1. In region 55-70, which residues are more than 16 Å from the ligand (Cβ to nearest atom) and surrounded by fewer than 19 Cβ atoms within 10 Å (Cβ to Cβ)?
2. Would you call Phe163 within 12 Å of the ligand (Cβ to nearest atom) and surrounded by 19 or more Cβ atoms within 10 Å (Cβ to Cβ)?
3. Output the qualifying pairs, or none if there are none: Cβ atoms under 6 angstrom, residues six or more apart or on different chains, first residue in region 99-119 and assigned to a strand (DSSP E or B), second residue crowded, with 16+ Cβ neighbours inside 10 Å.
4. Consider Leu129 carefully, then state whether it is among the aliphatic types (A, V, I, L, M) and within 11 Å of the ligand (Cβ to nearest atom).
5. Please determine, by comparing only the residues of region 35-54 that are touching a residue at least 24 places away in the same chain (Cβ under 8 Å), surrounded by fewer than 22 Cβ atoms within 10 Å (Cβ to Cβ) and over 23 Å from Asp115 (Cβ atoms), which one is nearest to the ligand (Cβ to nearest atom).
6. Here's a check for you: in region 197-247, which residue that is surrounded by fewer than 20 Cβ atoms within 10 Å (Cβ to Cβ) and within 12 Å of the ligand (Cβ to nearest atom) is nearest to Pro14 (Cα to Cα)?
7. Looking at region 94-113, can you tell me whether even one residue there is modelled with pLDDT under 95 and either within 14 Å of the ligand (Cβ to nearest atom) or of a type in the set (D, E, K, R) (or both)?
8. Just to be sure, is Gly165 modelled with pLDDT of 95 or more, within 30 Å of Pro87 (Cβ to Cβ) and in a loop (DSSP other than H, G, I, E, B)?
Amino acid sequence: MSEHPASPLIQGFPDPESLAFAAAEFITQAAQSAIQDHGRFSVALAGGNTPRLAYQRLAMPDFIDRLDWKKVQIFWGDERCVPADSPDSNFRMAKEALLDHVPVPEENIHILHGDLDPETAALRYETELRAFFRTPGASDDRPTTFDLILLGLGDDGHTASLFPGSPALSERERWVVNVDHNQPPPPLVPRLTLTLPAINAAMRIAFLVSGRSKAEILASVLTHPEERIPAQLVRPAHGHLFWLIDQAAAADLP
Ligand code: 6PG
């Protein structure tokens, strides 16, 4: 898959299954490239429903054997402030779809602690991320954050847990913040999210978007850049932006 530094690379697939296969292939190639380049692959997983199919596809034998999972480091782009075994937990979804089926070491799974006080959990993750990505004596060209961040797109244009109108969109220092009830519109539960500085420092950012319900917002995001929809604020500073979408989600694109 060629990477174009200047503008997003948009790829369409006929249906959710072929989108999931393409996403699994994309993740695998990004991982192989990162491991070859600097000995490890750090990926922040997206939550919600869309990526589940891709994680399940990645967990199948024809993909599992292509990666040295000991060198894969798993993070999340956001989490709901719920226990890890809650049906709302992004960790639980990824665990069931992927992590229980691949030989990634336990110590390589870096969860956002949705069970802790949100601000405590946000500060704890921020500390963990800054320690992980700052390797003493690292060569200058070591990535400053993730090799890959996977993102979804909400039908209101949110991504990770960066919602329209949220003060979290203006955060320029912190890498992780808690999105509490006081932010418009109140999310169903308090959430923890990577901020735009953390997301935009990644080497690769890939949106996975599927289904007719996303067609209108996707067309706005991709064809009306003036609207300042949260997902439009995802612009990698040094890396590459990819959109992997299916035909239903592309229905309103020109
Ligand atoms: C979450 C995700 C969120 C998600 C979008 C799309 O925790 O829910 O981080 O940003 O990606 O809401 O969700 P679906 O894939 O379920 O449509």
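The values are calculated or read from the model by the stated rules, or taken from the named source; none is laboratory data. If you're wondering where the values come from, they're calculated on a predicted model, not measured in any experiment. Cβ sites come from the backbone with ideal geometry, for glycine too, and all protein chains shown count toward neighbours.
1. Ala59, Met60, Pro61, Asp62, Phe63, Ile64, Asp65, Arg66, Asp68, Trp69, Lys70, listed by residue number.
2. Yes.
3. Ile109/Ile74
4. Here the answer is no, as Leu129 does not meet what is asked.
5. Leu53
6. That would be Gly211.
7. So far as region 94-113 goes, no, none of its residues is modelled with pLDDT under 95 and either within 14 Å of the ligand (Cβ to nearest atom) or of a type in the set (D, E, K, R) (or both).
8. Against the criterion (modelled with pLDDT of 95 or more, within 30 Å of Pro87 (Cβ to Cβ) and in a loop (DSSP other than H, G, I, E, B)), Gly165 does not qualify.
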